Amino acid sequence: MRARVLVTTRAGGRSAPPYDENNLATHVGDDPDAVAANRRRLAGQLGVDGVRFMAQVHGADVAVVDAATRDDPADVDALVTQAPGLAVAVLVADCVPVALVAGTAVAVVHAGRRGVVDGVVAAAVDAVRRLDSGPVVATVGPAICGRCYEVPAAMQDEVVAAVPAAKATTAAGTPGLDLPAAVRSQLADAGVEVPAQPGICTREDPRFYSHRRDGVTGRFAMVAMLSP
């Protein structure tokens with residue numbers, strides 16, 4: 001079964017500043033009608049009736065959804081589905097979005113600092129493998145890079161103790177976290193294939209929303225779906 005993975009940008013939607021233009025999040029203060037229009041636009045681009053989102057909480061819980069799922073799951077940070085034509089999405093503006101693709105299942109993962117420490121990536125991989133025992137391939141989307149993600153030294157120590165690959169030094173020479181590197185390390189530890197991909201930093205690239213850069217801002221999406 002074929003899968004599609006895509007990442008939206010902030011261009012082309014109906015949201016006004018500071019959410020301009022293609023904000024897909026309902027929880028950041030944007031006009032609900034604009035967000036709804038942006039979500040309909042995304043569904044139309046995918047050729048589906050709607051896209052399944054989730055209420056993310058920076059944890060490690062995973063929800064499995066299908067065509068009968070009526071509401072977007074709450075208090076989870078990964079969605080898994082085997083339903084062809086059902087698009088699942090993760091919303092980010094600096095955290096790491098991850099898509100997992102197996103033969104008959106796909107997943108999207110929200111990997112922020114706390115989720116990386118708590119093991120959301122491994123939890124999502126396990127959920128996919130419970131549905132499909134074949135190889136899993138990951139796509140790691142745009143996220144803030146280690147040069148730009150400055151944190152207190154104690155916070156760096158906490159994360160690095162859990163995932164050594166997260167250690168970074170910012171462009172200013174201060175303690176930082178490289179969450180994309182941490183996620184790739186966790187995927188490798190789980191035996192997931194991670195093809196070479198360009199590392200796009202959300203803080204450095206104006207095509208994407210960045211909470212660290214802009215403060216009040218929107219959210220872009222990584223979407224995965226099995227072709228119907």
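All of the numbers you see were taken from the coordinates with simple rules; none came from a lab. Treat the numbers as computed from the prediction; the structure is a model and nothing was measured. Every residue, glycine as well, gets a Cβ built from its backbone with ideal geometry; the counts of neighbours run over all protein chains shown.
Data for the structure
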read-out: Residue-span extension gain [E193 to T104] - 0.36 nm each, minus C-alpha spacing; value: 30.4 nm
read-out: Segment R114-A153, length gained on full extension (0.36 nm per residue, minus Cα span); value: 12.5 nm
read-out: FRET efficiency estimate (nearest 0.05) - Cβ-Cβ, A55 to R2, R0 22 angstrom; value: 0.15
read-out: Label point distance in nm, E204-E21, each placed 7 Å from Cα along Cα→Cβ; value: 2.6
read-out: Loop-resident sites, segment 126-228, for trypsin sites (Lys or Arg not before Pro), counting at most 16 other Cβ within 10 Å (DSSP); value: R147, R207
read-out: Prolate/oblate/rounded label for the chain (Cα gyration tensor, a/c 1.5); value: oblate
read-out: Alpha-carbon centroid distance for the pair segment 1-51 / segment 69-142, whole angstrom; value: 19
read-out: Extension gain from A11 to A36, taking 0.36 nm per residue of separation minus the Cα-Cα distance; value: 7.5 nm
read-out: Fewest-first sequence of V120, V98 by Cβ atoms within 10 Å of each Cβ; value: V120, V98
read-out: Segment 145-202 - percent relative contact order, Cα under 8 Å, separation 6 or more; value: 36
